[in-house]
Each structure stands twice: as C-alpha cells, then as structure tokens.
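Here the structure is laid out as structure tokens; the discussion comes afterwards.
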Amino acid sequence: MRDWGLDSILGSPQHTDVSFDSLMPRRVNNVLLVTSLYDRYTFIEDGRLSDMLFSEYLELNLRFTPSLERVSTAQEALERLRSESFDLVISMPRVGEMNVREFGAAVHEMAPDLPVVLLASNAREVNLLQQMEGLCGIERVFVWLGDVRLFLAIIKYVEDRQNAWHDARTAGVKSLILIEDSVQFYSSYLPMLYTEIVKQTQSLMAKAVNPMQRMVRMRARPKILLATSYEEGAAIYERYRNDLLGIILDASFPRNGKLDKRAGHGFAAMARERTPDVPILMQSGSDNHEVANEAGVQFLDKHSPSLLSDLREFMQSYLGFGEFVFKRPGGTMVSRANGLRDLEWAIQAAPPECLLHHASLHDLSTWLMARTEFALAEAFGAALCAEPKDAEKIRERLLAILSEHRERSKAGIVAEFSMGTFEGGSGFVRIGAGSLGGKGRGLAFINSLLATYDIENRFQGVRIVVPPTAVLATGVFDQFMETSGLLAFAMKETDDEKITQAFLDAELPREVIENLWTFLDWVRYPLAVRSSSLLEDASYQPFAGIYETYMIPNNNEDIETRLAELCGAVKRVYASTYHSDAKAYIESTPNRLEEEKMAVVIQQVVGRSHGNYIYPDIAGVARSLNYYPMPGMKPEDGVASV
C-alpha cells in the first residue's frame, strides 16, 4: 500500500517484511493438450479431465485452476500457437502425420521459452521414446498411470522451474531437489510429493492471521526441482545450495552418460560435505539400505507399500513440517512446539544443554522456513551464530526476536480471532464474517497506515496507536437477528426500552459467546463497546452519533459476570440500530433500515487510574475538512470537538 500524497508528509513506507504477493510471478494459466481422438477418449475418460483437474485443485484449496484446450494433431496445435498464447503444451506421442520429435522442434522454433512436456500412455511407449535421439524442444517425459494428480504435478513442476530462482532471491523460498531417472517412478512420485507438500504447508498456514494471508503465503511453499542425471542435479545444487530445504535421490542414476550405481552415494557425499545441515533422503530398492547408511543419509524403500506415510514422516521429522521436538544432546525429549507461541514457551523452559544442542544443528531455522517465516528464520540463524556457546544469551536473544516478530506481525493486520492463538495485548482482530462496519473499517485503515509509515520517527516524542481492538463483524449481527427472530418486531416497535429488553433477552450465537469468553480470559482492562454500522461513516450522510457506545469496567473477579456485561453491551448496541432516533434519521436519507447492518468494535478504554476508577484520557471527533469554517479559518484547516 502506498500513497504519494502521504509519502510527502510521512516519508516513504517501511518495507521490512517479505512481499508474498510478489512471489510466483509466472503461472501456468493456459494449457494446450495435443492428443489423438482415440487417446482423447480413453485417456481423458470422455472429456472429464477438466472436471477432475478442477476438483483436485479445489480439494487442495489451490486458487488458480488452469484452462485446458485440446487439439487432435500437431498441425492443429501449431496453428493455435500462432494465434493464441499458451503457458504449457502437453503432448501425447501420437500427434498425426508429424512425429513428436518434429513437433517439439517446431514449437521450440516458434516459441523457444514455451515448455513442451511429452506424456506417454504406458511404460512401453516410454521405452520407445527414450530410444529416440534428439527430442529437441521436449522438456520432460512423463507416463500416465491413471492418477489425475499427474497433471497438477506437471503444471507445478513447470511453475517451480520458472519461479524458483526469482522466489529464492526475493524471499529466500526454499527448494527440494529430486534426482530420479525412472520416468515411471517420478511420474507416480511427483504427484504424491506435490500433494503432500501442499497439504503440509496448508496445515502450517491454518494459524496464519487471516484467509488472505494464508492464500498468499502458499506461494512461498517449497519448490520441487527435478533432475534425472548427476550433472543435472549438480547444476541445480550449485545454483540453489544456499536455498535448499532438502535433497531426495535414488541410489543409481546416469553419470557421465552411463548408469552409475554409486551416483547417489557420490552426490550425497558431495552435498553433505558442502552443506552439512541439509537433510538428505535416499529412496531406492531395499538392497541399497547399506549404501544410504554408508553415506550417512536417511533411507526409504521406494517399493514399500507405506511409501507415502514414510515420506510424510521424513518431511515432518527432517524438513520442519511437524512439531519441533526439543531434545538433549543424548536424544532425550524435553518438550514439543507446534507453533510460535509453543516455541516461545519451550525456549523459556529449555535446559541450557538443550538450547546449545539445537543451536549447533540450526534446525530451528529449518522449522521456521517450512512455516514461511523467512525473516524470523534468518534472525534466528544470525543470533545462533553470534552466540554459539552461551545458552542464556541465546535464550534471551531468541525470546527478544520472537517478541519483536509477534508485535510486527500484528501491525496493520486485521487478524482472524482464534481461541487457540489469541493472547490479548495489542492487535486488531475480527470475530465472524462480513464487514467491519464504518468505524471498524476506518480504525483498521489507520492501523494499517501506522504499520506502513514510520510515524514515531516522523513525529518525535509522539506515540500514535490504535488501542487493542476486536470487531464483531456484521455476519454476527445477521446471525443474531436470524436466530432471535427479532427483525419484524424491532422494525415496528416504537418504544426504545422494549426493543432493548427484547434484545437483552435473546442469546448471541454460541460460538461468539465462546470467543468472547476466551477474549475476556486474556483481557482485564476497561472496554468501550462501540457501534460500527455499515452507514456510520458514510461520506455524505454519516450516521455518526446516532447509535450507542457503552463502557464496561471489566474488573469483576468472576469471568462469567464480565462475560454477561460484555454480551449485554453488544446486544444494547445491536438494539440501538432500531431505536427511534436511528429510525427517524434513516428516513431522512435514501437508505432503508432493513439494509443497515451493525458491527461492534470492542476496544480498550485509554485512561488513567484514580483510586478505584479509570477515567478516559480524552474523547472527541476530529475532521480533516471543515465544511462550515468560522471567519479566519479555511475548510482545509480542519476542526476538532474535544
């Protein structure tokens, strides 16, 4: 967010965090599928490929589903490529009179950067294709094994190859190298690996601040880079060795043009020497278990019926996708951390030898990287390098980094309230779906500006903050009005006291009451319960001052009493939507009362203690533009009622 008018007053915005929305700039949006009529029927199951692919994307909560265009021959494909733009071509071997080798070369000549993937229908076709020389323009060969996820894997494979370097340089996004020369195996393994990485990453995103953050952060999932030979893997390793999450390799694959049964061992030894902290997994036949032990890497039997669960265990234990297990040097478990809050508590309680053990392994940074906490992982790495042998200094520094990160991550963000992660203190959270309302939206906007611009350094000695705020969004109001059945009564009734009593007698939704109970369990300061209707801060006919605000002390030792006070205040604000003053005012506007919706802002009362009482410091309204200036004033001078 940037506004050049504000820049002239407040200076340039601060850019301290990773810009997740700048990641994955190149996407596969349009796919051209080249397949014969027969293959089109049998292979695509009578045209259901688009539906199946869409379902797969939907199941994985992936936002972008590419469109598929189909043609029957290579000649038709070339004609389409001359007139339309595509991001990927997937071709079957049988493409009409032109053979696939000629087709790949023609596409490469027409569009050198357009990836062409060859899809065989069975293992026999793969063998025939591998015997062909000079598959110019064909980027990779896959074999169809009946799993529609292969198309997702092909698309993600192309996107990862195109974006990995950009994302690594932009945000430190990590990559996973897979070295495997068996077309049949990586055609079945890549879909499984991609699905697992997406699911694991999404499970970590479940506690991100809001749905948009979760969606955008998915762009920072680890990339998978496929190689089929020692030389290809070494080139990828050399380029990405400072941005590696891990390496998965076979025991044998081509080296110097010939199949080398010791290639996996040699590659693992080279990587272990140069990047000792990078996890390495060898997956091969069971007869290569000793080779893996000799190389000092993890091992999986690629023919095991439990391959998926074994892979999942490796990802959780070594790639940082599971809980972080604090251990003593001998391997004795001390505690577990499932999120940043757990991590902070565990660091506070960890014995000195435990902290030193993990400092030497640098595994905390790997764990944070899997959660797309790149800045935090970098800060942890720097702190552990600076204090490698002093456990108490390590503890102090890591806790300070986490505290600073917690405050920074809340700044300017409207977070989804979660009973599992809410900790009170500063921040701006929402409960329920729908709008924040006029007042809530304005406060959220100011909160985001304060996080974007370096206000404190611009105005020395002046601290400008939005007090800790929770907003019951308009969806809660809709749910309350629907379950209570009060709408018709409130629209017709003219007695404000009867309206208020009817609202007080109704119950808020159960999940909202549970959220408010958790909120009060952390919050003990006085609260202002403020109206925030959709029309409250309208530009030309604002409803400011029409609805009610209630202040509650929130100081009773019994949380049930405090909860009853808060719920009562919320329902009183709801009731004020239908009071006579509000009805009379709305009749003077083009708006309709049934269209009005009420959000509620629950905010800390900023004040000072005087004995047993707290008095607010200041209250008022400031206007940046004064439409009715007194003589000697200009409209742009503004005015405040304090």
- Hey, does segment 143-150 have a residue that's β-branched (Val, Ile, Thr), assigned to a helix (DSSP H, G or I) and buried (at least 18 other Cβ atoms within 10 Å of the Cβ)? no
- Task: Within segment 482-528, track down each residue that is open to solvent by 50 Å² or more (accessible area, probe 1.4 Å), assigned to a helix (DSSP H, G or I) and among the polar types (S, T, N, Q).
- Result: 483, 501
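Given the condition within 18 Å of the chain's Cα centre (by Cα) and open to solvent by less than 50 Å² (accessible area, probe 1.4 Å), answer yes or no: does some residue in segment 390-406 qualify?
We begin by selecting, within segment 390-406, every residue within 18 Å of the chain's Cα centre (by Cα); these are 405-406.
Remaining after also requiring open to solvent by less than 50 Å² (accessible area, probe 1.4 Å): 405.
For segment 390-406, residues within 18 Å of the chain's Cα centre (by Cα) and open to solvent by less than 50 Å² (accessible area, probe 1.4 Å): present.
Working carefully through the options 507, 536, 482, find the one that is without any contact (Cβ under 8 Å) to a residue 24 or more places away in the chain and among the charged types (D, E, K, R). Before you say what the answer is, go through the steps one by one.
Values: 507 fails: without any contact (Cβ under 8 Å) to a residue 24 or more places away in the chain; 536 fails: without any contact (Cβ under 8 Å) to a residue 24 or more places away in the chain.
It is 482.
Using the structure shown, decide if residue 107 is assigned to a helix (DSSP H, G or I), over 21 Å from residue 191 (Cβ atoms) and open to solvent by less than 30 Å² (accessible area, probe 1.4 Å).
Values: assigned to a helix (DSSP H, G or I): yes; over 21 Å from residue 191 (Cβ atoms): yes; open to solvent by less than 30 Å² (accessible area, probe 1.4 Å): yes.
It is true that residue 107 is assigned to a helix (DSSP H, G or I), over 21 Å from residue 191 (Cβ atoms) and open to solvent by less than 30 Å² (accessible area, probe 1.4 Å).
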- Message: What pairs come out if I take residues in segment 613-642 that are within 24 Å of residue 443 (Cβ to Cβ) and pair them with residues that are among the charged types (D, E, K, R) whose C-beta lies under 7 Å away, six or more apart or interchain?
- Response: 614/608; 615/608; 617/608; 625/636; 626/637; 638/623; 639/623
- Message: Considering only residues that are more than 17 Å from residue 405 (Cα to Cα), aliphatic (A, V, I, L, M), crowded, with 16+ Cβ neighbours inside 10 Å and out of contact with any Pro (no Cβ under 7 Å at 6 or more places or on another chain), which ones fall in segment 338-363?
- Response: 350, 355, 356
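Residue by residue, here is whether (1) part of a loop (DSSP other than H, G, I, E, B); (2) out of contact with any Pro (no Cβ under 8 Å at 6 or more places or on another chain); (3) modelled with pLDDT of 90 or more; (4) closer than 30 Å to residue 340 by Cα holds:
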residue: 197; (1), (2), (3), (4): no, no, no, yes
residue: 207; (1), (2), (3), (4): yes, yes, no, yes
residue: 217; (1), (2), (3), (4): no, yes, no, yes
residue: 224; (1), (2), (3), (4): no, yes, yes, yes
residue: 236; (1), (2), (3), (4): no, yes, yes, no
residue: 248; (1), (2), (3), (4): no, yes, yes, yes
residue: 254; (1), (2), (3), (4): no, yes, yes, no
- Item | Among (1) surrounded by fewer than 20 Cβ atoms within 10 Å (Cβ to Cβ); (2) outside any helix (DSSP H, G or I) - the single one residue 372 does not satisfy | (1)
- When the residues of segment 564-614 are filtered to those that are surrounded by 18 or more Cβ atoms within 10 Å (Cβ to Cβ), among the small types (Gly, Ala, Ser) and closer than 13 Å to residue 546 by Cα, which remaining residue is modelled with the highest pLDDT? 575
- Item | Number of the condition not met by residue 382 [criteria: (1) under 27 Å from residue 262 (Cα atoms); (2) part of a helix (DSSP H, G or I); (3) open to solvent by 20 Å² or more (accessible area, probe 1.4 Å)] | (1)
- Message: Please go through (1) open to solvent by less than 40 Å² (accessible area, probe 1.4 Å); (2) closer than 23 Å to residue 75 by Cβ for residue 101 and return the number of the only condition it doesn't satisfy.
- Response: (1)
- Note on the structure: Taking segment 314-353 and keeping only residues that are within 20 Å of residue 384 (Cβ to Cβ) and in a helix (DSSP H, G or I), one is left with 318, 340, 342, 343, 344, 345, 346, 347, 348, 349, 352, 353
- Matching residues, segment 224-270, being open to solvent by less than 30 Å² (accessible area, probe 1.4 Å) and among the acidic types (Asp, Glu): 243, 250
- Query: How many residues are open to solvent by 40 Å² or more (accessible area, probe 1.4 Å) and in contact (Cβ under 8 Å) with a residue 40 or more places away in the chain when one looks only at segment 271-297?
  - Reply: 1
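Can you name the residue in segment 169-193 that is under 17 Å from the mean Cα position of the chain (by Cα) and part of a helix (DSSP H, G or I) and is also modelled with the highest pLDDT among such residues? Quick ask: steps written out before the conclusion?
Filtering segment 169-193 down to residues under 17 Å from the mean Cα position of the chain (by Cα) leaves 170-174.
When the remaining residues are screened for being part of a helix (DSSP H, G or I), the result is 170-171.
Values: 170: 87, 171: 83.
By that ranking, first place goes to 170.
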- Query: Residues of segment 414-433 being open to solvent by less than 50 Å² (accessible area, probe 1.4 Å) and modelled with pLDDT of 75 or more, which ones?
  - Reply: 414, 415, 417, 418, 422, 427, 428, 429, 430, 431, 432
- Task: Filter segment 615-642 for residues that are open to solvent by 90 Å² or more (accessible area, probe 1.4 Å), in a loop (DSSP other than H, G, I, E, B) and within 20 Å of residue 466 (Cβ to Cβ) and give the result.
- Result: 618, 624, 642
- Task: Looking only at segment 457-471, decide whether some residue is open to solvent by 30 Å² or more (accessible area, probe 1.4 Å), part of a loop (DSSP other than H, G, I, E, B) and basic (Lys, Arg).
- Result: yes
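The values are calculated or read from the model by the stated rules, or taken from the named source; none is laboratory data. Predicted, not measured: the structure shown is a model, and the values here were computed from it. For neighbour counting, all protein chains shown are included, and Cβ atoms are generated from backbone atoms with ideal geometry for every residue, glycine included. The area values use the complete protein model at the heavy-atom level, side chains included, leaving out ligands, DNA and RNA. Shrake-Rupley method; radii C 1.70, N 1.55, O 1.52, S 1.80 Å.
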